[in-house]
Amino acid sequence: MTDHMTVFVAGATGATGRLLVAQLLQRGHAVRAVVRSPDSLPDTLRRQEGLSLTVATILDLSDAQMAEQVRGCDAVASCLGHNISFQGIFGKPHSLVTEATTRLCAAIRSSQPERMTKFLLMNTNGNRNRDLDEPLSPQDRIAVGTLRALLPPLRDNENAADYLRIVIGQSDPAIEWAAVRPDNLINETEVSEYGVFPSPVRGILFGSGKTSRINVAHFMATLITDESQWDQWKGQMPVIYNQGWS
């Protein structure tokens, strides 16, 4: 395991983001986050030593302010997503995840880190890794094409992952990355056994599986803090399923 680290978490008040913050603090690491309202975090989490909050909306930060947020961080993790509501799905910003990913990566570069910075993106199993030519069943191909055309969040997640895959790539001088793809997200109170695969082993809508948010947070925290795990999955888009759903 890596010694004391500083990690910036985007989307820290979200259902998965707050669990990632808790995982990192429990492991003794420092966490920075930009939140619209500190009250969105549980009191027990907000009061923990090692957590530093800036009250703002992340995309409203200037480039200089964003660079200052990530300066000195060993890792940057994005758990941003679109709320499951009409406004969350169809309202602005349609490209929240992509805009945050591109701006955070630019901020990392402009902060001139002394060592490689890890960038972790919470993505979706609905997005395929085109580097691996991952197959789709005919049913899922039709369903994904329809969802891509109708729902901005899927396009946003695809574009964010493609930015890391194509623009950052495998040889960026400042950034190494991984995009974690859970299946259908569920809530559980404890970390349980889970499996991680380079590509999906189940369908997207037909024959899909489940992944608990706390397992996603545990895996992302492990990637950040465990160098052997990071070496295994960096530059990839690992898919995570709860045990029994793989």
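We did not get these values from a lab; they are worked out from the coordinates using the rules stated. Just so you know, these numbers come straight off a predicted model, no measurement behind them. Positions of Cβ are generated from backbone atoms using ideal geometry, with glycine treated the same way; all protein chains shown enter the neighbour counts.
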Quiz item: What fraction of the DSSP beta bridges in the range 6-242 is antiparallel, stated in percent and rounded to the nearest 5?
Solution: 10 percent
Quiz item: Which whole-angstrom value gives the distance between the alpha carbon centres of the range 201-246 and the range 127-170?
Solution: 17 Å
Self-check item: For a label point 7 Å along the Cα-to-beta-carbon line of LEU205, residues of the range 120-158 with backbone N under 12 Å
Solution: 138-151
Quiz item: To the nearest 10 degrees, how steep is helix 152-162 against the longest Cα principal axis of the chain, on a 0 to 90 scale?
Solution: 70 degrees
Quiz item: Full extension from ASP226 to LEU151: what is 0.36 nm times the residue separation minus their Cα-Cα distance, to one decimal in nm?
Solution: 23.5 nm
Exercise. List, largest first, the extents of the alpha carbons of the range 6-242 along their principal axes, each in whole Å.
Key: 49, 39, 38
Practice problem: List every residue whose amide H lies under 5 Å from the amide H of ILE175, counting only residues 5 or more places away in sequence or on a different chain, with H placed 1.01 Å from N in the peptide plane. | Solution: THR117
Quiz item: What does the charge dipole of the range 6-242 about its Cα centre add up to, to the nearest 20 debye, if the Cβ of each Lys and Arg holds +1 and the Cβ of each Asp and Glu holds -1?
Solution: 380 debye
Practice problem: May I ask you to derive the relative contact order of the range 6-242, considering only C-alpha pairs under 8 Å and at least 6 residues apart, and to give it as an integer percent? | Solution: 20 percent
Practice problem: Please turn the phi angles of the range 231-237 into ³J(HN,Hα) values with the Karplus equation 6.51 cos²θ - 1.76 cosθ + 1.60 (θ = phi - 60°), one per residue in order, whole Hz, x for glycine and proline. | Solution: 4, 6, 10, 5, x, 10, 10
Self-check item: Helix 213-225 axis, angle to the chain major axis (alpha carbon atoms, nearest 10°)
Solution: 60 degrees
